[in-house]
Amino acid sequence: MTQKTAKILSFLFHPILLPALGFFLLLNTGLYDFLLSVQAKRYILLVIFFTTATLPMLSIAMMALNPKFDFLMKENRDRILPLLLTSVFYYIGFILLGRIHFLPVFKLFMIASVLLIVALLLISVKWNISIHMAAAGAVTATFFAVSFRGGVNPVGALVVMVLVSGLTGTARVLLEKNNLQQLTAGYLLGFITLYPVIYFF
């Protein structure tokens, strides 16, 4: 993998974009075709993209207007405010998705993600844990939890998420953004936080 490819993968599977991409994949596996109308699917994707991608990107863009803020967030302290705001945006998504009472997986993902983001915030104060891999682990855990909870087997989607996780980790190492410990810790934290919430609740 070249540096250019690693940068592209790191951007495509950025924590801001991955939840929306993951849910787009989930809603197109056929699992919810008999439960959700096209309009309902659009509503879910709109809420998820707006609260997990659009609002965080806008907040970072606004913070970038301050010359003291490092847009690339090379220092751990630069992550704190973006993560704090992102947790608020995810909670807004949780409230909006609460309208879909008979399918709790979507709002459970949002509220579990709030817990994950708070954990990442606390850890990031002292250590450069991989947020990219935490997002990958969280989305992968969602697919596995939905699979086991519903007794279904979306093999294609699961394989895609495992590959995405591997490619993301490889890209972050090649770009020297994280070491193996930080990648592993991020992935496990994301997986362990999301899986039990979505599977048991």
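The residue list Leu121, Leu45, Leu96 contains one member that is free of Cβ contacts under 8 Å to residues at least 60 places away in the same chain, among the hydrophobic types (A, V, I, L, M, F, W, C), out of contact with any Phe, Trp or Tyr (no Cβ under 9 Å at 6 or more places or on another chain) and under 19 Å from Ile16 (Cα atoms), which is Leu121. For the range 104-156, give me each residue that is within 14 Å of the chain's Cα centre (by Cα) and either part of a loop (DSSP other than H, G, I, E, B) or of a type outside the set (A, V, I, L, M, F, W, C) (or both). Scanning the range 104-156 gives Lys107, Ser113, Ser130, His132, Gly137, Thr140, Thr142. Taking the criterion of being surrounded by fewer than 16 Cβ atoms within 10 Å (Cβ to Cβ) and part of a helix (DSSP H, G or I), the residues of the range 175-192 that qualify are Leu180, Gln181, Leu188, Ile192. The listed residues are Leu58, Leu83, and the only one of them that is part of a helix (DSSP H, G or I), modelled with pLDDT of 90 or more and surrounded by 14 or more Cβ atoms within 10 Å (Cβ to Cβ) turns out to be Leu83. The residues of the range 10-19 that are within 20 Å of Ala145 (Cα to Cα) and either at pLDDT below 90 or touching a Ser or Thr at 6+ places or on another chain (Cβ under 6 Å) (or both) amount to a single one, Pro19. Do you know which residues across the range 1-30 are assigned to a loop (DSSP other than H, G, I, E, B), more than 27 Å from Arg79 (Cβ to Cβ) and in contact with a helix residue (DSSP H, G or I) (Cβ under 7 Å, 6 or more places away or on another chain)? Thr29 - this is the single residue of the range 1-30 that is assigned to a loop (DSSP other than H, G, I, E, B), more than 27 Å from Arg79 (Cβ to Cβ) and in contact with a helix residue (DSSP H, G or I) (Cβ under 7 Å, 6 or more places away or on another chain).
For the criterion of being of a type in the set (A, V, I, L, M, F, W, C) and farther than 21 Å from Phe143 by Cα, Leu55 passes.
The values are calculated or read from the model by the stated rules, or taken from the named source; none is laboratory data. Quick caveat, the model's predicted, so the values are computed rather than measured. As a convention, Cβ positions derive from the backbone with ideal geometry for all residues, glycine included, and neighbour counts pool all protein chains shown.
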